[in-house]
Each structure stands twice: as structure tokens, then as C-alpha cells.
Amino acid sequence: MTGEEISGKRPGGPVARILRNARALLSGKAAGGVLSLAYLAIAARGLGPEGLGALVLAHTYALVVAGLARFQSWQAVIRFGAPMARAGDTARLKDLLRYTIRLDLISAAVSVAAALMAAPFAARAFGWPEEIRGLITAYCLATPFLIAATPTGVLRLYDRFNLLGLQLTLMPLVRFTGAIVLWISGAGLAAFLIVWIASVFVHGGSLWWLGWRELQKRKQTPRIFGKAERAADKAWLPFMIKTNLSSSIDLMHNNIPVLIVGAVLGQAAAGFLKLAFNLANLLAQPVNMFNQATYPELSRVEAEKGHGEMIKVAFRSVGVAIAIAIPIVLVYFLLRRPLALAVGGEEFLAAAPLIAMMAAAQLFRIAALGFESAVLARGRAGWALTGQAAGALAHLAFLAAMLTVMGVAAAPVAIMAGWSVLIAVLLAALVRG
């Protein structure tokens, strides 16, 4: 079996393959984004701001605990597994997969223990009603199904982005279907929470099944338990510790602020913020695709024409992307009240300003992601990580300082502040010789 057959690589240039894979993922994310907005709208109308906020906080709590415990082992599968696959070194690839799966299992156990220990404190902080506190325990037990990292790496390694795109729709599809049934039947918060928990099990279980099936098909299933035949590579664990740090920084940008808003301002404020975030997330999907397409092209320009030309291309690409996004942001601004009414109803009109502000924050995101790709193309990953950390800390510091002053409107302003700090660090990295 050749290395190409093992890796599952399809023909085409690297940029073409990246764009094709990005489209496959984007189709799943776009479908998932629409479904997520739909089920959130149904839950908003069925539960109101307080109920939706409690539901959002429960899921965000599980995401944060799982995210802090999880090592991004899928990145190690790609980073170290791709050369092994190309060389046909299946024995060593099995060693790597054994290592990452065992690390996933350890992370899963840690996440459950941490979630259960912190649950009583979280219940008081977020004001969860008594009717759902027992179900929060079940949500804690579901955290391992948010840590299916190795199968993600397996499917990416073998170029099965089509399966990943489909799999991304399963969780929102379960929630959308369940939300419709519960809304029609007039069910309460506990029933919605059960559906949300079930969707997590479906999400993680399906990902593990698809990844394991792919390994079985290629006769590359590793032996998980028992003594290893060969020692692990010393580079594996440090790499995954670094990626865990990077993913933890992402949590500081995306999920931890929701918990802070819920703890300080209450469940309704968290519900308003989540509604605005999901609406703006529809704009974020093309932004992510822009980022995936930019990095390889900037790397090529850097290698062929030097960093001076690469920086010019980076500024032009960011400028074009922002110019394309501005009219969409203006639409969000003009339609902020109709959007809030359409998605959440009269009770969610207070989210209208947040919708406009969260859309405007995407302009900062575009610039940050574009310049981050340029910094990585220059080989300055340390600068990028430093910028991410500085931006996340600025985000949380602004939120903590201004939340009681500005109310929930401080959340999108804090996002912009965090992205601005990141952009400043990235620009410094770009212009330095």
C-alpha cells in the first residue's frame, strides 16, 4: 500500500485541496449554524429569556470544563501522523493513535471529575432552578463526548472532510428536531435540557464511531490497553500541551465570557448574549473559510517573494475581506430589531443592540485572523500565541471592569477590545525585521 493510499490524499494542488476541504467543513458548519439559530429561536420562544439563559449556561459550563481538560490530540494526529502515513509506517502510526486515544480517555475522566466537583458552586453562581440541578449531573457525565479529539484527527488525516461536514450537523439536528417537539408539546426547561444532553452523546458517539470505522477499514486500529511495544516520541506531549494552551485561550474569548455574564447579570442576560452571538456566527463562517484559505497562500508568497511582498498581500486580502463584510454588518445594524423579533420574539428585543455590535465585532475578527495567518507565514508562532493570550486577557479584563457599568453591552465591546490588542501584537510581529 502506498503512502498516498494510506493518507487518502486526493489529486490537486495544496491550495485547491485546502479550499475543497474548507468548503466541505463550511457546508456542515453553515448547515449547523442555520439549525443552531433555528433551535435557539424555538427554545427562546418556548422558555423565555430566563429559561434560555439557564439552558445556555448549562451547555457552556460543560463546554468550558471539557475544553480546559481536553488536549487537542487531533492536531498531533495530523502533525505527526501525516509523515507516518506518507512513509507507510503503520506501526508507528498505531503507536501515535494509541497515545492520543489514551490521552483523550484521561482528559474525559478529568473533565467528569472537575465538572461534578464544581457543579454545586456553578449552580449557585448561575442561579439554576432546582428542577434542573439533578440534570446538571447528567450533563457533567456527558463532557467526555465533547472530547472526541483523536477521531477528528483520523478523519482529517484520511481526507474524510465530507464525513466531518455531515457529522457537524448531527448535534444541531437533534436539538432542532427535539426543540420542535418540545415547543409543540409545551414542555419546560428540564425537557429541553434532556434533549441538549442527548445531542452531546450523539455528537461525541458518532465522531468516535466514524473515526474507529475509518481505522478498521484501513486495518490500523491501535491496541489501547496493555504495555506499549515502543516508547512514545518525546515531542508528542509538549506539542499537545501547547495546543491545549491555545485552545484554552479560545475558551477565554468565546465561552468563559458567557459564564461571566450569567454569573454577574443573570440568566436572561446570558440568553440575550447567546442569541446575538449565534446570529453573528452566521457571518463568522465565511470569515473562518477566509482564514483557512489565506494562510497557505501567504506562506507561498513568503517563500517565493519574501516577507515584504507577503505583508502587502496580507494587507490587501484583509482590506478586501473587510470591504466585503461591511455591507453585511450594515444589514445586521439596520435589521437588528426585526432580527431580534424574528428569532426570539418580543421578550428578546433587548438583544437588538447586541446583534448589531456582535456583527461589528466580526470586522475586528477578520483583521485579526488575516494578520495572524501572515505572522504564522513568517514562522512567528510564538508571537501569535502571545497575541492571543494578550487579547484574551484584555477581553476578560474589560468585561470584568465594565460589565456592571455598561450591562450586557460590555460583552461585544470587550470582544472588540480583545481583538484590537491581538491585532496590535500581530502588526508588531509583522513589521519587525
Sulfur and carbon atoms: percent of accessible area, the chain [1.4 Å]: 68 percent
query: What is the dipole size for the chain, taken about its Cα centre, with +1 at each Lys and Arg Cβ and -1 at each Asp and Glu Cβ, in debye to the nearest 20?
result: 1220 debye
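For a quick protection proxy, order the peptides 352-359, 237-244, 406-413 by their average other-Cβ count within 10 Å, most packed first.
Details: 352-359: 23.5, 237-244: 16.0, 406-413: 20.2.
In descending order of packing, they fall as 352-359, 406-413, 237-244.
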- line: What one gets for the stretch 114-249 as the Kirkwood radius, inverse of mean 1/r over different Cα pairs in Å, is 17.8 Å
message: Could you work out [θ]222 nm for the chain from helices alone, using -39500 (n - 2.57) per DSSP H run of at least four and dividing by all its residues? Round to the nearest 500 deg cm²/dmol.
response: -29500 deg cm²/dmol
task: Enter the per residue convex hull volume of the stretch 125-166, computed from alpha-carbon coordinates, in Å³ rounded to the nearest integer.
output: 102 Å³
field: Lys pairs under 25 Å by Cα in the chain, provided they are eight or more residues apart or on distinct chains
entry: 13
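For the stretch 188-236, compute Rh as the Kirkwood radius over C-alpha pairs and then the Stokes-Einstein diffusion coefficient at 37 °C and 0.692 mPa s; write the answer in µm²/s, rounded to an integer.
Details: Rh = 14.1 Å.
For the chosen part, D equals 233 µm²/s.
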- prompt: Taking the Cα-to-Cβ direction at residue 432 and at residue 228 and moving 7 Å from each Cα, how far apart do the two end points lie in nm?
  reply: 3.4 nm
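Sort 122-130, 195-203 for me by packing, meaning the mean count of neighbouring Cβ atoms within 10 Å per residue, highest on top. Kindly include the intermediate steps, with their values, before the conclusion.
Details: 122-130: 16.1, 195-203: 20.1.
Those peptides, ordered most packed to least, come out 195-203, 122-130.
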query: Any idea how far apart residue 390 and residue 305 come out in nm if each label point goes 7 Å out from Cα toward Cβ?
result: 2.8 nm
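Given 20 °C and 1.002 mPa s, how large is the Stokes-Einstein diffusion coefficient of the chain in µm²/s, with Rh as the Kirkwood radius over Cα pairs?
Working: Rh = 22.7 Å.
This corresponds to a translational diffusion coefficient of 94 µm²/s.
Which value in Å is the Kirkwood Rh of the stretch 348-406 over different Cα pairs?
Values: mean 1/r = 0.0742 Å⁻¹.
When all Cα pairs of the stretch 348-406 are included, the Kirkwood radius is 13.5 Å.
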- prompt: So, by mean Cβ neighbours within 10 angstrom, what's the order for 34-40, 317-323 with the highest one leading?
  reply: 34-40, 317-323
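Quote to one decimal, in nm, the extra length available between residue 312 and residue 133 on full extension: 0.36 nm per residue of separation minus the C-alpha distance between them. The partial results should precede the final answer.
Values: separation 179, 0.36 × 179 = 64.44 nm, distance 5.44 nm.
Gain in length upon complete extension: 59.0 nm.
The values are calculated or read from the model by the stated rules, or taken from the named source; none is laboratory data. None of these values were measured; they are calculated from a predicted model. All Cβ positions, glycine included, derive from the backbone under ideal geometry; neighbour counts span all protein chains shown. Note: accessible area is taken over every heavy atom of the protein model, side chains too, but ligands, DNA and RNA are not part of it. Shrake-Rupley method; radii C 1.70, N 1.55, O 1.52, S 1.80 Å.
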